[in-house]
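> One structure is given below, represented as structure tokens, and several questions about it will come after.
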Amino acid sequence: MPSIVERLIEDPLNFVECDYYDCFQISCADIEQIHLEGAKKRFDQLRDSIPILRKLASEQRIESIEQINDLVPLLFPHTVYKSYPFSYLEKNRFDKLTRWFNTLTAEDLSQLDVSSCTSIDCWIKVIEKGTGLKPCHTSGTTGKLSFLPRSHDQWYTQINLIGNMIRDWHGKNSGPDLKKNHLPYVQPHYKSGSAALLRGSQTQIEVFSGGADNAVYLYPESLSADVASLAGRIRVAESRGELGLLRIQPELLARRDEMVERERQRPERMKEFLQEAIARFGGKPIVLSSVWPILFDAAQDGFANGVSQVFAPGSVLISGGGLKGRDLPDDWRSQIFEFLGFDQAYEVYSMSEMMLLFPSCTEKNYHVPPVLVPFCLDPETGEALPRTGRQTGRFAYLDLLPDNYWGGLVTGDEVTMSGWDEPCGCGRAGPYVDHEIRRYSQKEGGDDKINCAGTPEAQQRAINFIVNS
Amino acid sequence: MFRIPLIVRGEVIDDCLLEFNGRRGEIGFCTPDVEHYIDKIVLQRPSAMADLYSIDFESILDYLSELSERLNFTNNAHMQEAFDLSCLTSGLSESILRYQYENIPYYFQRDVVEDMTENLIGIDNIEGWVEQRPRNNNDTKVSIRAFGSRAVHIIAGNAPVLAATTIIRNAITRSDGVIKLPSNDPLTATAIALTMAEMAPEHPLTRHLSVAYWKGGNESFESKLYQPRYIEKIIAWGGYASIQYVTKYLQPGIDLITLDPKHSASIVGKEAFENEQTMREVAAQAALDIASLNQEACVNARVIHAVCGTNEKGLANVNRWGEMVYEAMQKLPDTISTQHKAFDPQLREELDGLRLFDEDHRLIGGVGSEGAIIISQIDEPVDFSHLLACRVANIVPVDDVDTALKSVNAYTQTIGIYPETLKQQIRDNLAWQGAQRIVSLGGAVNLVAVSTPQDGIEPVRRMCKWIVDERHSNNLPLEAI
């Protein structure tokens with residue numbers, strides 16, 4: 001029987017079938033071999049079928065991957081997934097949006113008929129129907145949606161891996177096997193939609209909970225990608241003066257009020273949601289996936305109404321994403337667990353563009369799965385920092401799982417990476433990333449730097465500030 | 001660690017015990033604790049403004065012109081130190097900064113200040129009571145005089161001249177000013193105030209200026225400072241970054257003057273594309289508006305609308321012209337423009353994304369920090385146009401001027417236009433679309449002082465209190481009482 005290393009070299013997708021716990025015991029020498037072989041395989045396979053990769057490779061004059069750092073110039077800036085002009089949407093040029101999207105995937109979209117599309121939601125549906133893709137979108141900080149050409153199967157691969165992680169992260173069969181023993185799902189978000197987060201949770205509900213009947217949702221409706229794109233479109237329109245505002249679709253502007261109203265009713269809706277969750281699943285083990293600040297707010301609300309210890313031990317929480325800039329009391333974590341009634345939490349670092357998740361260990365380090373090639377780049381030069389010691393820089397990676405789009409990306413995150421020379425204190429081998437992660441964009445505009453050159457966006461923030469203070 | 005002394009009314013306080021560590025590799029500095037000196041910083045008694053009225057405008061000019069000589073960069077150690085620190089904190093590179101510091105004395109020269117005062121306020125208005133033209137059948141005589149105010153200036157730090165301008169404005173309006181230093185230029189205003197303290201420590205103009213650094217949002221200090229009994233005006237540059245801490249202290253009695261952040265643009269008429277020679281000349285003008293001061297200022301052009309048409313010929317023209325603008329930009333002298341020393345990483349990510357999908361927007365340059373020209377192949381700018389900086393501009397071909405006009409909004413400060421005839425034709429339209437300053441292409445970053453209203457709001461007039469004296473005739477309806 002081939003070893004784990006051999007199986008992962010043979011096909012990185014074998015990661016789903018391998019023992020999850022053992023995959024974090026692989027020596028760095030073996031990991032480096034998995035990385036190099038995997039990178040070669042993906043590059044050779046995708047170079048000629050993904051136009052943007054081909055373009056980048058020929059600009060960089062890279063024919064093949066000989067050593068791991070050959071990959072660095074081939075990692076996409078994360079902005080490629082949103083490099084289409086907004087006006088495609090305003091002018092219903094979904095044919096052009098499709099042509100743009102086609103440059104990012106090995107799938108052939110050229111035969112798709114999108115002439116009837118008048119919305120992003122419709123466009124995504126047409127792609128889903130006509131291809132093996134099930135694209136998702138993310139909403140960046142600028143409000144411009146990124147679109148990722150992920151396939152139908154890839155969502156299941158990702159969720160299967162999360163199931164493996166829950167079962168085996170702290171030792172083989174140390175956690176529940178949700179794929180076999182379903183638990184109800186508590187979803188403090190929309191029921192459906194094509195946002196990356198919702199694609200993930202829909203699949204989780206199917207795989208971990210046995211379907212939508214065994215779940216409770218904050219909003220029982222679908223999140224429209226068009227509504228999610230509004231903030232960014234309005235911002236860009238405003239920066240273009242009268243003309244911009246004239247171009248934006250009036251029916252879409254009307255939906256802005258809908259969104260504002262929903263946001264206004266959020267606290268009330270959250271209360272009802274918690275009541276419903278408690279009525280249906282209180283005292284039972286459940287699965288919950290959410291970011292910490294939302295959980296903290298829910299806990300405060302619960303405590304105020306005399307509610308705590310809501311669910312049963314044996315429940316599973318999947319969380320991550322840090323505190324989103326919130327200033328919470330030191331004991332925020334224990335407050336949340338006190339409210340939830342369980343403390344079985346899997347904290348992960350990931351991003352919509354990545355199929356893999358890095359689980360956090362007892363040492364609070366995020367461990368990189370062996371089928372992802374991580375890089376720490378010098379933020380100034382963009383060159384790879386050595387795979388040794390403790391390095392702080394821009395996080396970049398090649399995710400070896402995707403076989404129909406290029407999994408190489410340079411992120412906007414600053415990370416500190418170690419683990420190449422010696423294992424983590426938790427005993428796991430291989431590279432890991434420190435708990436503290438932040439966005440490079442947060443670095444901008446240190447204290448008291450005042451400039452006369454600025455933007456409507458800054459202006460709008462100022463106005464919001466005055467209105468709300 | 002750099003020391004930033006506190007200058008209070010000619011007194012130099014140098015017990016720099018408070019350290020402000022530069023975050024993440026930024027420069028750190030130390031200052032005295034302003035809270036200890038709050039009683040000296042504020043002008044407690046309004047009557048203490050009187051000494052400013054013991055001097056006439058001529059002596060204000062004398063003072064500033066002597067100061068002009070002392071600010072000479074080659075022999076003023078304070079200015080040299082400010083320059084050294086700015087080299088570390090500013091977005092401008094050393095050669096541009098040096099040129100800027102060398103030019104600072106110019107702004108203080110007698111004729112420059114005199115012109116500025118006359119154009120911006122009217123010397124008569126600050127020198128005495130000016131009788132207004134009487135209305136028909138009205139015997140009430142009205143006289144008006146512009147008085148200085150007690151003001152806090154939260155200044156921008158993207159160019160050192162802003163500190164100089166603020167000090168001059170404080171002097172000519174006979175105001176009592178407290179300058180809050182920005183962390184991107186923490187020493188220029190201090191260096192000028194130090195020079196003033198050495199030159200004439202007891203002079204009223206020296207005694208009515210304080211220069212301090214405190215961390216914006218220092219509530220304990222700011223709540224004491226921003227009181228209507230001490231402060232009448234707050235002049236805040238930079239929008240959100242500077243007003244975020246000020247707004248909670250606003251109340252009747254405090255006038256907030258905001259010099260909001262702005263962006264600027266250009267409009268290039270079809271005449272520019274008539275022949276090779278003209279294209280090249282206009283490209284050089286555009287390059288100047290884009291790249292002077294490394295595009296760190298609000299006056300710099302970022303989006304350039306070119307009325308060359310969007311058909312095949314128009315696109316061929318604009319693509320060629322874009323190359324010319326890029327070339328011209330690279331040739332600018334290093335006193336005006338250089339490679340940017342701290343290229344915005346967010347902008348770089350956007351450029352990297354654009355480069356790989358160039359169907360709608362073509363990219364020239366932008367590999368390192370040399371700057372870039374993005375040439376739209378459609379009649380609209382890139383979606384990230386709000387990020388354009390560090391010598392990166394976007395040329396947008398349009399079929400008619402109207403498209404360019406309607407893209408101007410209230411955040412647009414300067415519009416550079418070629419040719420002059422087009423400017424005459426559209427300047428009124430531009431004004432109501434929101435533009436505030438209309439210049440010939442190439443003149444956006446005027447490196448010598450021009451005495452014009454700023455941002456369409458006359459901040460210097462607003463720094464004054466316009467006091468009215470009404471002398472009534474004898475026919476008041478007193479007999480009715």
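The values are calculated or read from the model by the stated rules, or taken from the named source; none is laboratory data. Everything numeric in this text was worked out from a predicted model, so none of it was measured. Here the Cβ is made from the backbone with ideal geometry for all residues, glycine too, and neighbour counts use every protein chain on show. The protein model used for the area step is the full one, side chains on, heavy atoms only, and it has no ligands, DNA or RNA in it. Shrake-Rupley method; radii C 1.70, N 1.55, O 1.52, S 1.80 Å.
> Taking helices (runs of 4 or more DSSP H) that do not extend beyond segment A:1-96, which have at least 2 residues that are surrounded by fewer than 17 Cβ atoms within 10 Å (Cβ to Cβ)?
A:4-10, A:28-46, A:51-59
> How about segment A:302-393: which strands (runs of 3 or more DSSP E) wholly inside it have at least 2 residues that are over 23 Å from the mean Cα position of the chain (by Cα) and farther than 30 Å from A:Gly283 by Cα?
Answer list for segment A:302-393: none.
> It is to be established whether one or more residues within segment A:395-411 are polar (S, T, N, Q), touching a residue at least 24 places away in the same chain (Cβ under 8 Å), within 14 Å of another protein chain (Cβ to nearest Cβ) and open to solvent by 30 Å² or more (accessible area, probe 1.4 Å).
no
> Could you please find all residues in segment B:254-310 being more than 30 Å from B:His153 (Cβ to Cβ) and among the acidic types (Asp, Glu)?
B:Glu271, B:Glu274, B:Glu276, B:Glu281
The rows are residues; the columns are (1) at the interface with chain A (Cβ under 10 Å from one of its Cβ atoms); (2) of a type in the set (S, T, N, Q); (3) surrounded by fewer than 20 Cβ atoms within 10 Å (Cβ to Cβ); (4) outside any strand (DSSP E or B).
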| site | (1), (2), (3), (4) |
| --- | --- |
| B:Ser337 | no, yes, no, yes |
| B:Leu351 | yes, no, no, yes |
| B:Asp358 | yes, no, yes, yes |
| B:Ile364 | no, no, yes, no |
| B:Ile378 | yes, no, yes, yes |
| B:Ala404 | yes, no, no, yes |
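The rows are residues; the columns are (1) open to solvent by less than 20 Å² (accessible area, probe 1.4 Å); (2) outside any helix (DSSP H, G or I); (3) among the small types (Gly, Ala, Ser).
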| residue | (1), (2), (3) |
| --- | --- |
| B:Leu61 | yes, no, no |
| B:Ser68 | yes, no, yes |
| B:His78 | no, no, no |
| B:Glu81 | no, no, no |
| B:Ser95 | no, no, yes |
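> Restricting attention to segment B:269-291, report how many residues are outside any helix (DSSP H, G or I) and open to solvent by 50 Å² or more (accessible area, probe 1.4 Å).
Adding up the residues that qualify gives 2.
> While we're looking at this one, here's another question. Just to be sure, is A:Thr98 over 23 Å from B:Asp379 (Cβ atoms) and either polar (S, T, N, Q) or in contact with a helix residue (DSSP H, G or I) (Cβ under 8 Å, 6 or more places away or on another chain) (or both)?
No, not satisfied.
> Then there's this: Quick one: would you say B:Asn294 is outside any loop (DSSP other than H, G, I, E, B), surrounded by fewer than 19 Cβ atoms within 10 Å (Cβ to Cβ), touching a residue at least 40 places away in the same chain (Cβ under 8 Å) and not basic (Lys, Arg)?
For B:Asn294, the condition - outside any loop (DSSP other than H, G, I, E, B), surrounded by fewer than 19 Cβ atoms within 10 Å (Cβ to Cβ), touching a residue at least 40 places away in the same chain (Cβ under 8 Å) and not basic (Lys, Arg) - is not met.
> Oh, and also: Residues that are modelled with pLDDT under 95, in contact with a Leu (Cβ under 9 Å, 6 or more places away or on another chain) and within 14 Å of chain A (Cβ to nearest Cβ): does segment B:261-284 have at least one?
The answer is yes, given that some residue of segment B:261-284 is modelled with pLDDT under 95, in contact with a Leu (Cβ under 9 Å, 6 or more places away or on another chain) and within 14 Å of chain A (Cβ to nearest Cβ).
> Let me ask something else about it. With the structure loaded, tell me whether A:Gly419 is at positive phi, open to solvent by 10 Å² or more (accessible area, probe 1.4 Å) and touching a helix residue (DSSP H, G or I) at 6+ places or on another chain (Cβ under 9 Å) or whether it fails that test.
Against the criterion (at positive phi, open to solvent by 10 Å² or more (accessible area, probe 1.4 Å) and touching a helix residue (DSSP H, G or I) at 6+ places or on another chain (Cβ under 9 Å)), A:Gly419 does not qualify.
> Would you point out the residue of segment B:198-234, among those that are in contact with a Ser or Thr (Cβ under 8 Å, 6 or more places away or on another chain), more than 10 Å from chain A (Cβ to nearest Cβ) and open to solvent by less than 10 Å² (accessible area, probe 1.4 Å), that is farthest from B:Asp176 (Cα to Cα)?
Ranking the candidates gives B:Ala212 first.
> When residues of segment B:437-468 are filtered for being at pLDDT 90 or above and closer than 22 Å to B:Glu118 by Cα, how many remain?
Residues that pass the stated criteria total 14.
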